[in-house]
Amino acid sequence: MDRSNPTPYADLSPDRVLDVIEALGLAPDGHMLALNSYENRVYQIGLEDAEPVVAKFYRPERWSDAAILEEHALVAALAEREIPAVAPLVIRGHSLHHVEGHRIALYPRRGGRAPELEDPEVLAWIGRYLGRIHALGAVSDFSARPALDIDTFGVASRDWLLASDWLPPELRDDYARASAEVIEAARAAYARAGEPSYIRLHGDCHRGNILWTDAGPHFVDFDDARMGPAVQDLWMLLAGSREEMCAQLIEVLAGYEDFHDFDHRELHLIEALRALRLLHHAVWLARRWSDPAFPPAFPWFGTPHYWQGHISELRGQCLAMEAGPLWSA
């Protein structure tokens, strides 16, 4: 990740983006809208005599071509089974294209709104589709994509940050202790859960990656797809107090288990996975800071106040893991 060009999208002027679309044999009508994305660059492109498409320019060196094609294959297989996942378009026999130094995938435009996760029926509906997604995800493994586990998201993130100069000197020891304690607590949570089964996941299944219409949900942006425990795709749907999250989880699982078995031991992993995401997210921001899109979007990052809050969150996750799972079936 650190070997990549810190400004890999500097050449993506509107004219350059439209030239790339033309090179793929499409006829843009000149209308272009930048969509919310930081890791990659994503644009809605208007076409002459056709529906608009969404063009995704992949960040160089983040994923190999093989890893991207594994994501595409999973989403295409879901779409073939009428599971509402937005798959890339196949153009000239390929879903991944190399044009003018960029790797690009094109997608059909799909609209929608954020799901109302306070509605039990919505949670169960999403749960049913996640059960179907995981039923397919469990059939085979990724080979080119890494796993989401304690070492990749926790230990590697901690080691990278401690080797950098991002931490204020007065907070470095506090971070070292808090991060070590949260990783130890995560290992204990994994031990309580037993050896979880790893399947192919969406990986980043928060409400922003689920678009809702009157026909129900559709799932977008499988860019973070990895091998991991099934509960990773469930816990980001939960919010509020422990009691509220417990009630939400029951609704999600009620739908999920109509289509796929869920190992309830994985409930021990929810707060551990939340802790790993906190560790990983802080390092992701630090590693991307030289990208000019990041400082304006995350102006609070890197300040002493931010690091104090981050350390406090890590300590809070230790307590959350000690409190045990939200619910035992």
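Condition check ((1) outside the structural domain of Trp235 (by TED's automatic domain parsing); (2) touching a residue at least 24 places away in the same chain (Cβ under 8 Å); (3) loosely packed, with under 14 Cβ neighbours inside 10 Å) across all residues:
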residue	(1), (2), (3)
Leu276	no, yes, no
Ala286	no, yes, no
Trp289	no, no, no
Phe298	no, no, no
Thr303	no, no, yes
Tyr306	no, no, no
Leu314	no, yes, no
Those residues of region 237-274 which are buried (at least 22 other Cβ atoms within 10 Å of the Cβ), of a type in the set (A, V, I, L, M) and over 15 Å from Met321 (Cα atoms), in sequence order: Leu237, Leu249, Val252, Leu253
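Taking the conditions exactly as written (over 17 Å from the mean Cα position of the chain (by Cα), among the charged types (D, E, K, R) and over 20 Å from Asp223 (Cα atoms)), does Glu80 satisfy them or not?
Working: over 17 Å from the mean Cα position of the chain (by Cα): yes; among the charged types (D, E, K, R): yes; over 20 Å from Asp223 (Cα atoms): no.
Judged against the criteria, Glu80 is not a match.
Answer with yes or no whether Ala79 is in contact with a strand residue (DSSP E or B) (Cβ under 7 Å, 6 or more places away or on another chain), modelled with pLDDT of 95 or more and not basic (Lys, Arg).
Numbers: in contact with a strand residue (DSSP E or B) (Cβ under 7 Å, 6 or more places away or on another chain): yes; modelled with pLDDT of 95 or more: yes; not basic (Lys, Arg): yes.
When the stated conditions are applied, Ala79 passes them.
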Could you please find all residues in region 190-247 being among the hydrophobic types (A, V, I, L, M, F, W, C) and more than 28 Å from His72 (Cα to Cα)? Ala191, Ala193, Ala239, Met245, Cys246, Ala247
Take the residues of region 189-220 that are among the charged types (D, E, K, R) and free of Cβ contacts under 8 Å to residues at least 24 places away in the same chain: which is surrounded by the fewest Cβ atoms within 10 Å (Cβ to Cβ)? Asp214
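Within region 168-184, which residues are crowded, with 21+ Cβ neighbours inside 10 Å and over 30 Å from Ala114 (Cβ atoms)?
Residues satisfying the conditions are Tyr175, Ala178, Ser179, Ile183.
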Restricting to region 38-57, give me the number of residues that are in contact (Cβ under 8 Å) with a residue 40 or more places away in the chain and within 18 Å of the chain's Cα centre (by Cα). 5
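The values are calculated or read from the model by the stated rules, or taken from the named source; none is laboratory data. Quantities reported herein were computed from a predicted structural model and do not represent experimental measurements. Neighbour counts are summed over all protein chains in view; Cβ atoms, including those assigned to glycine, are modelled from backbone coordinates with ideal geometry.
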